[in-house]
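Notes for the one structure printed next.
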Amino acid sequence: MSETWTYILVIAGVILAALTIAAGNIFIERRLLSLWQDRLGPNRVGPFGILQVVADVVKIFTKEDWVPRFADRGIFILSPTIVMITTMIVFAIIPLSPGIVVADLNIGLLFFFGFSSLGAYSLVLAGWSSNNKYALLGAMRGASQMLSYEVFMGLSLMGVVMMTGSFSMVDIVEAQKNTWFIVPQFVGFLIFLIAGLAESHRIPFDIPESESELVAGFHSEYSGMKFGMFFVGEYLGITLISALTATLFLGGWNGPAFLPPIAWLLIKVFGMIAFIILLRAALPRPRYDQLLGFGWKILLPLSLLNLLITGAIILST
Amino acid sequence: MMEQIPVEQSLLLAALLFGIGLVGVLIRKNMILMMMSVEIMLNAAGMAFIIAGSRWAQPDGQVMFIFILTMAAAEVAVGLALILKLFHLQKSIDADEMTQMNDITEASESN
Amino acid sequence: MLIAFYIAGVIAVVSTIMAVTRSNAVHALLYLIVSFLAAAVVLFVLGAHFAAALEVIVYAGAIMVLFVFVIMMLNIGGETEKAKERWLVPKRWIGPALMAAILFAILSYAILNQPVATASLSIVEPKTVGISLYTQYLLGVEIAAVMLMAGIIGAFHLGYTKRKSKHRFLKGE
Amino acid sequence: MMRYLWLVPVMPLLGFLVLAFFGRNLRKSIITLIGTGTVGLSALLVILIGIEFLTSPPAGNAFTLKLWTWMSSGGLSPSIAFYLDGLSLAFIFVVTFVGFLIHVYSSEYMRDDEGFARFLAFMNLFVSAMLILVLADNLALMYLGWEGVGLCSFLLIGFWYKESANAAAARKAFIVTRVGDTAMALGLFLLITEFNTLDIRSILETAPAHWTPGSAKVVWIAFLLLGGAVGKSAQLPLQTWLPDAMAGPSPVSALIHAATMVTAGVYLIARNHVVFELAPIAMKTVAIVGASTLLIAGFAAVVQYDIKRVLAYSTISQIGYMFLALGVGAWSAGIFHFMIHAFFKALLFLGAGAVIHALHHEQNIFKMGGLRKEMPVIFWTFLAGSGALAALPLVTAGFYSKDAILWYSWSSEKGSLFLWAAAFLGAFITSIYTFRMVFITFWGKMKTHIHLRPGRAMLIPLVVLAVLSIIGGFLETPHNLGHITLFSGMLSGVLPEVHILHSGAESTELILQVLTALTGFFGIYLAWHFWMKKPGFLFRLKQTRAGAALHHWWLTGWGFDWVYDLLIIRPFTWLSNINKNDIVDYISIAPSNLVVWLHNLTRRSQNGNLRWYAAGIALGLIITLTIALFL
């Protein structure tokens, strides 16, 4: 019985941690952006403005949750939940420390792919159900963007899979005991990072919601809690990509013994989050066709080449 | 815990899905929905393959499923492109309105 | 696990029926995605984990997104509402349903009349599938690759329209 | 010299090739040089070869020049090889020499024609083909030449193809001779299957041992060969094409339809004389065909008013004489008559051509007249030719050749009184129509103005041929008139001697000679009397119903064309009309109609409705599954 309880505890812990980190991201991002942009950022609510997140959440919860009459009500409500669910569920496969993982699936990576591809629906359906021109445009952009970058994401990870010989995340982490995969799979790492950003439609790839051209893209019509779900979902996505990068390329919980494995993982995840926030501060948004052209014309051949060379090296050794 | 595979039930499930897909193909007029129904049937067929593969603990069923998947992907890509083209030409994707390629002409009615 | 199988099976059947009968294309599509997810669960239960993952990734994740994409492009979601009355009359569906019922009956007869010795569940590893794909079925993989290529080229060709520049500054591009 | 025998047919062939490919761009003088020069060189070569052949005869009195193997297939390997003996020497001499003269004549006659080069090219090709025909060492090569001359005949009859009548005449000649050629081809095939070789000499050498005389097979072969000969030589019953063939230019008529090609049948029979001697009934048929042809054509010639048609019927009649000679076994007499006939008939045609040329393409003799003073050279040469044709005694060559035939038709063991009587009557009629033509054309009043006068190139051949028509006869004279046997001596190695039944009946021979001579003169007198002195009688005769009918009957060549039209052409076109809708095709159309019917039945299901098709597929699936599971 205690095994089951431990299991449930781990699940609850993962969910809580993911949500907390995602919420904390909001604060961290604002502070870091301010830092890099030579300003202060939120610093009034609580120490260092740390309670700003709470204030935001209260604001979101109490706002009028309005569904437009011209919208397709059911799908309009369904869409934000999809992004939450599909992102949250993938955390189940990330090994936190030796022996602690929600689900050690033998198709772990494929599980991630499956749900990340399902994540596209939230965006697409939100845009469609809003019955709004800008929302629809954003949705279509998002659909093509996510559909395309899923391909490179999958291909970029195949090098890791080949070197491990398994889809299981636990196996992958254990295979990095000596060398992190970022060293032999640096190209794969780069592609995965770019594709991951595109999948979570973060700046600079926030084309489905680009405010300056499409008002707010697919979530133009959303407000209140449903907007909050999209909002949190995006930060969950960042967290997920960071966690996956840490797990797949940076050795996961591997690290010197003076810190517990979970601490190493958290350090790596936060490092990745900080890096992604830095990217937001540093890079402009590309044009829509540039994005797709970059994907199909550069990333795809590059990832295939990476795969080919990796395969050749594995075969020769 | 060693479980038994519910072979017959799962095969029946596949057959039922196939039948529903067939109904879908036959009653829908929207071509996209007809194609979706075809996907249902393909999926059911693939499922039957996997059931057989699992029954004998062989990978062949899944291999066949992968081939069916590939085929479905290619079919959908081309099919949807055709439907888009058709929509541009006809401003409709109602299968019942696309009967221009019939062979019932005035001449054949007379004889 | 068997409970999961039955639940998923019922969900699959119900959502497929809904997918077939919805007049709104996007609703039908959503039901279909649910049906595929349920089918993926069924496959997972049957021990074909790899196929289950592919079902989600490719069928539910990629192919269906294409459908949504096209539906969105053509904006036909509400258009079929008008035709609802027309096609839901029994005259329309009773014949096909009868035909499908006969087919199902024949298939059921064929399934239930064969002596199927039940076997214990054994998970077929993705690795086994991969090895089988690249040894025994190598030719099939090649052919499938060629077919995909043909599909890509065909779709590209069908979708390609010569870009017309409206503005004189863009004529040269 | 004989080594260069191959040059004889090759020279005209070269001329043909040059003229055919470049003739359009050459000047007329060059064309003339090539066209006539090649034939002239051939003639020169033949004379040199002939002298060598006669002075120092090769072994076996024959010479074979094998050039190369033509093809080799199934045990038969015909070669391109030439065979020279007395018979072929006589023929190639006539072909090249007379041919050369006619070429010279044509170089002026046809000079203003736009198709001058084409004409000379065809003529060269003809000469070449004729030489191949007579020189051929095997049946295949001979057949090549045989069809080659047929082709040239077709091309030259239809030379002025822009007039549909000429084209029709060409087609008629081609089709009618094709009937004979088919028979001959069958005969050749039979020969090949019998002997399994194509070599003529070996066939002829082994034939007597191979067959018993009169056996069915040899008779069949002989008759089939006779069919070919009859077709080519315009004998009964395939003579109808020759009068129409006069649509060609006059030199063509002279060369092809009088002197050379039409006698190819004579050559064929003479060459295969062994076969014919083994089939006595075929020999008899040859004689009868010759006798009846010479009579029928003679009567038809009496009423013709187109000068060339008169000569055409006369040609048929004269070849009839040759056939008669061959039929009674007087081989060398027939060949001798061929040679003399080639001289005088070519002369007559050329003379007629000159007259026609001068009178602005007027061919009707009743619109001529009085040309005796105007064109003396032509008159005298024409008279010489006519004399030879009418066999005026002693001074003309025709007398000697024809007299020999008359004598052998009486005296040969295969001859008979009837054959002699026919030949005798024929000679009488010949003198009538010949001098009718001469009198009407050259005496009396001038009716048509002379348009232009012939030049030297036309007159010299006429003179040469006239001389030959006079003196050519002295190569071979009867027993009681010097008994010169130069010609039959030359042929003695090739053709057997004639078997005289009434041996030693020289008195009979003399009586017959005198009789023939007298009838000839009587015929001339009759011609003078009826057409010059009292033309009213014949005019009145023509007014009567019977006379008109007879006139019309003979004018149309005894109605053979009408008969053929009735018996062959009409039924054939009738059948064609019936079959215009392809009756037999209905056998194959019926299934297709069935298919179309079924298609119409099933295509109602092709209503363009996608869901209908899907339902069809599903139904098929159900049916298939049902059959697979329950049956």
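Derivation of every value follows stated rules applied to the coordinates shown; laboratory data play no part. Owing to the predicted nature of the structure, the values given are computational and were not obtained by experimental measurement. Please note: Cβ atoms are built from the backbone with ideal geometry, for glycine as well, and neighbour counts cover all protein chains shown.
Working from the Cα coordinates of the range D:338-533, the gyration tensor eigenvalues give, after taking √(5λ), semi-axes of 34, 19, 12 Å in decreasing order.
Spherically averaged projected area of the convex hull of Cα atoms, the range D:556-631: 9.7 nm².
Volume of the convex hull of chain D (Cα atoms only), normalised per residue: 241 Å³. Amide H contacts for residue D:70 (H built 1.01 Å from N in the peptide plane; partners 5 or more residues away or on another chain; cut-off under 5 Å): D:79, D:80. Between 0 and 90 degrees, the angle of helix D:376-389 with respect to the longest Cα principal axis of chain D falls at about 80 degrees.
Taking Cα atoms only, the orientation of helix A:52-62 departs from the longest principal axis of chain A by about 50 degrees.
Run a plain Debye calculation on the range C:125-164 (Cα atoms as equal point scatterers, no solvent) and give log10 I(q)/I(0) at q = 0.21, 0.22, 0.32 Å⁻¹, rounded to two decimals, same order as the q list. Summing over Cα pairs of the range C:125-164 leads to -0.69, -0.71, -0.94.
Counting other Cβ atoms within 10 Å as a rough exposure proxy, the listed residues D:553, D:241 run D:553, D:241 from fewest neighbours to most.
Measuring max minus min along each principal axis, the C-alpha atoms of the range D:589-630 give extents of 40, 27, 8 Å (largest first). Partners of residue A:177 within straight-line reach, counting lysines whose Cα lies under 18 Å from its Cα and excluding those fewer than 8 residues away in the same chain: A:268. Along the range A:216-225 the Karplus relation, 6.51 cos²θ - 1.76 cosθ + 1.60 evaluated at θ = phi - 60°, assigns HN-Hα couplings of 9, x, 5, 10, 4, 8, 8, 8, x, 5 Hz to successive residues, with x for each Gly and Pro. By the Kirkwood approach, averaging reciprocal distances over each pair of separate Cα atoms, the range D:316-399 gets a hydrodynamic radius of 13.9 Å.
Based on the convex hull around the alpha carbon atoms, the range D:207-355 presents an average projected area of 7.9 nm². For the protein assembly as shown, the convex hull drawn through the C-alpha positions has a volume of 321 cubic angstrom per residue.
Evaluated over the Cα positions of chain A, the convex hull gives a direction-averaged projected area, one quarter of its surface, of 18.0 nm². The alpha carbon convex hull volume per residue for the range D:144-260 rounds to 101 Å³.
Amide H contacts under 5 Å for residue A:185: none, restricted to partners 5 or more places along the chain or on a different chain, H placed in the peptide plane at 1.01 Å from N. With a Förster radius of 41 Å applied to the beta-carbon distance between residue D:364 and residue D:566, the computed FRET efficiency rounds to 0.90. Using only alpha-carbon positions in the range A:3-42, the gyration tensor eigenvalues give semi-axes of 35, 6, 5 Å once each is multiplied by 5 and square-rooted (largest first).
Between D:273, A:97, D:507, the Cα set farthest toward the positive side of the dipole of the protein assembly as shown (charges on each charged residue's Cβ, about the Cα centre) is that of D:507. 3J(HN,Hα) along the range A:238-251: 4, 4, 4, 4, 4, 4, 5, 4, 4, 6, 7, 10, 9, x Hz, from the Karplus curve 6.51 cos²θ - 1.76 cosθ + 1.60 with θ = phi - 60°, whole Hz, x for Gly and Pro. Using every pair of distinct Cα positions in chain B, the Kirkwood expression returns a hydrodynamic radius of 16.5 angstrom. Placing dummy labels 7 Å off each Cα toward the beta-carbon, the span from residue C:160 to residue A:59 is 5.1 nm. Which angle from 0 to 90°, rounded to the nearest 10, does the C-alpha axis of helix B:31-55 make with the longest principal axis of chain B? Orientation of helix B:31-55: about 20 degrees from the principal axis. Here the range C:2-49 is described by how far its Cα atoms reach on the three principal axes: 35, 17, 10 Å, from widest to narrowest. Using alpha carbons only, the radius of gyration of the range C:19-81 set against its Kirkwood radius gives Rg/Rh = 1.08.
Partner aspartates and glutamates whose Cα lies under 20 Å from the Cα of residue B:29, excluding those fewer than 8 positions away in the same chain, are identified as B:39, B:75, B:94, B:96, B:97, C:79, C:81, C:85. Residues whose amide H falls under 5 Å from that of residue D:500, counting only those 5 or more places apart or on a different chain, are absent, with hydrogens built in the peptide plane. In sequence order, the range A:286-295 has phi-based couplings of x, 6, 4, 6, 5, 4, 5, x, 4, x Hz under the Karplus curve 6.51 cos²θ - 1.76 cosθ + 1.60, θ = phi - 60°, and Gly or Pro positions carry x.
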